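K.L.:
Quick one: structure below, then a few questions.
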Amino acid sequence: MRFLPVFLDLRTGPVLLVGAGDLARAKLRLLAAAGARVRWYTIDGNHDVSFLEADDAARIELAHGDPLAADLSDVIAIVCAGAGDIGIAMSARAKAVGLPVNVMDDLEHSTFIFPAIVDRGDVVVAVGTGGASPVVARRVRERIEAALPARIGDLATFISRWRKTIHGRIPEFTLRRRFWERVIDGPIGALVLAGRRGEAEAALKDVSDASAFAGASVSGQAEGRVTLVGAGPGDPDLLTVKALRALQDADVVFYDELVSPEILDRARRDAERILVGRRVGKPGIGQDAINKLMIEAAKSGQRVVRLKGGDPFVFGRGGEEVEALREAGVAYSVIPGITAGLGAAAQFEVPLTLRNEALRITFLTAHKAKDAESVAWSTLTDEKMTVVVYMGLTAAPSVRAGLLAAGRSPETPVGVFARVTRPDAQAAVGTLDELPDLIAKIDGGPAVLIIGDVVAHSAPWRNSPLAQLLSYVQVAAE
């Protein structure tokens, strides 16, 4: 992020606008709509402001003379649009005295840029691309415009009138935040958004115990809880809507090492983030310590998110954590996530089941050789069974040996799918006999192995040299 989004208080002084033509008038219209006082130096002598409303035009000071000699003592920012070389010179002046400056379509000489703006009164959303693509910013703005309620600004205004009153009744910061969350997300907020502000005022006045309304316990402390959230295999767009809400509400997030930074970025900005996971071959704090941390945080009144790669109940030890929370008397809930096997199947077009070809699926974990040795491989030899092995990179030779010894064909199609749904995802496909060689083609995990005839229907298999050779031989035979 090169440009930090900030909001400039336009009441503190005028904005100096330098330029002419349609470009300058577009900026003048934008500044006027925002309530700015503008001192306009036009370089073509045309000061026509008839396109503005009378109130907006009244705030425009039509300046004359050389803008390079203008008095900047009371100016809060400089904007150059359609100013040519004068814009570059004005940029140098602005930088010399520490004033923010924008030279339209010239990042080199600008210290701030204009974002695409969604204006809902007291709610303003700014969308920027660092100047890289205004069209992308505009498209994002259009989507936000469509998603935001028309009266969301009215809701912000409504809350602002009540803030001091409620803050006087609820001294604890956490409870205050939860109070307003309940107002916004509940019937009172819905009344404001529906244009029924009088009814909303009456409903808020009827809240006799503000702390209890916010969810305080008998002691007056905020009630804590734990939410186990499946983060999916890596792509943040695969998070469920419910998972996003939990992350936005969290006070503290305990996350595994396999959770991607992009997903962590979806958590509330001021939420505490604590890494508690471990990778194969690396030390971790242990499950008992994780359970203790979650319980302590919840009992202190915090809303805890236990963020786990994939799904909490698919090799995620979510069951153990739920048991510990239940025994400690801590409220909890579970939000499922897309498990890595399903993510690999979707990304690489592996139909885990296929009519008349694959009728059953078995999920197993084998992140150590001794895990593979403990598997009853004889139960996995059915040709119509797809086997999905989690954390199987290290134990791949033992997986191969176990299946072959049990009687599974060495020609069984196999796929190794690493870092699925992420930008650096990889796939290597071949036969069960070739499994160790396929592992060598992968640049590290996490990875899942998919074993079964369905792998031959996958996109990597169709694009492999072996598949192309077989297709050529088949055509030649015909």
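The values are calculated or read from the model by the stated rules, or taken from the named source; none is laboratory data. Small disclaimer: the values here were computed from a predicted structure and weren't measured. Positions of Cβ are generated from backbone atoms using ideal geometry, with glycine treated the same way; all protein chains shown enter the neighbour counts. To get the accessible areas, we keep the full protein, side chains included, count just its heavy atoms, and leave off ligands, DNA and RNA. Shrake-Rupley method; radii C 1.70, N 1.55, O 1.52, S 1.80 Å.
K.L.:
Which residue pairs have Cβ atoms closer than 9 Å, lie 6 or more positions apart in sequence or on different chains, and pair a first residue in region 175-187 that is over 16 Å from A222 (Cβ atoms) with a second residue that is open to solvent by 30 Å² or more (accessible area, probe 1.4 Å) and modelled with pLDDT under 85?
P.N.:
From residues that are over 16 Å from A222 (Cβ atoms), there are no pairs.
K.L.:
Could you say which residue among L62, L72, L52 is outside any helix (DSSP H, G or I), open to solvent by 70 Å² or more (accessible area, probe 1.4 Å), of a type in the set (A, V, I, L, M) and more than 30 Å from D265 (Cα to Cα)?
P.N.:
L62
K.L.:
For residues in region 260-270 being modelled with pLDDT of 90 or more and open to solvent by less than 70 Å² (accessible area, probe 1.4 Å), which is farthest from A340 (Cα to Cα)?
P.N.:
A267
K.L.:
Being not in a loop (DSSP other than H, G, I, E, B) and not charged (D, E, K, R): is that true of S378 here?
P.N.:
Yes.
K.L.:
I'd like to verify a number: residues in region 205-254 that are in a helix (DSSP H, G or I), open to solvent by 10 Å² or more (accessible area, probe 1.4 Å) and of a type outside the set (V, I, T), how many?
P.N.:
Count: 13.
K.L.:
Another one. For the list (1) part of a loop (DSSP other than H, G, I, E, B); (2) modelled with pLDDT under 90; (3) not small (G, A, S), I need the number of the one condition that L99 fails.
P.N.:
Of the numbered conditions (1) part of a loop (DSSP other than H, G, I, E, B); (2) modelled with pLDDT under 90; (3) not small (G, A, S), the odd one out for L99 is (2).
K.L.:
Residue under question is S398, and the condition is that it be among the small types (G, A, S), assigned to a helix (DSSP H, G or I), without any contact (Cβ under 8 Å) to a residue 60 or more places away in the chain and open to solvent by 50 Å² or more (accessible area, probe 1.4 Å); does it hold?
P.N.:
No.
K.L.:
Cβ-Cβ below 8 Å, separation at least six or inter-chain, first residue in region 152-174 and without any contact (Cβ under 8 Å) to a residue 12 or more places away in the chain, second open to solvent by less than 70 Å² (accessible area, probe 1.4 Å): which pairs?
P.N.:
Going by the 8 Å Cβ cut-off, the qualifying pairs are H167/R176.
K.L.:
Anything in region 34-45 that is without any contact (Cβ under 8 Å) to a residue 40 or more places away in the chain and open to solvent by 70 Å² or more (accessible area, probe 1.4 Å)? List them, or say none.
P.N.:
Listed by number, the residues that qualify are R37, D44.
K.L.:
Condition first: surrounded by fewer than 17 Cβ atoms within 10 Å (Cβ to Cβ) and charged (D, E, K, R). Now tell me which residues in region 138-168 satisfy that.
P.N.:
Once the filter is applied, which keeps residues that are surrounded by fewer than 17 Cβ atoms within 10 Å (Cβ to Cβ) and charged (D, E, K, R), region 138-168 yields R138, R139, E142, R143, E145, R161, R163, K164.
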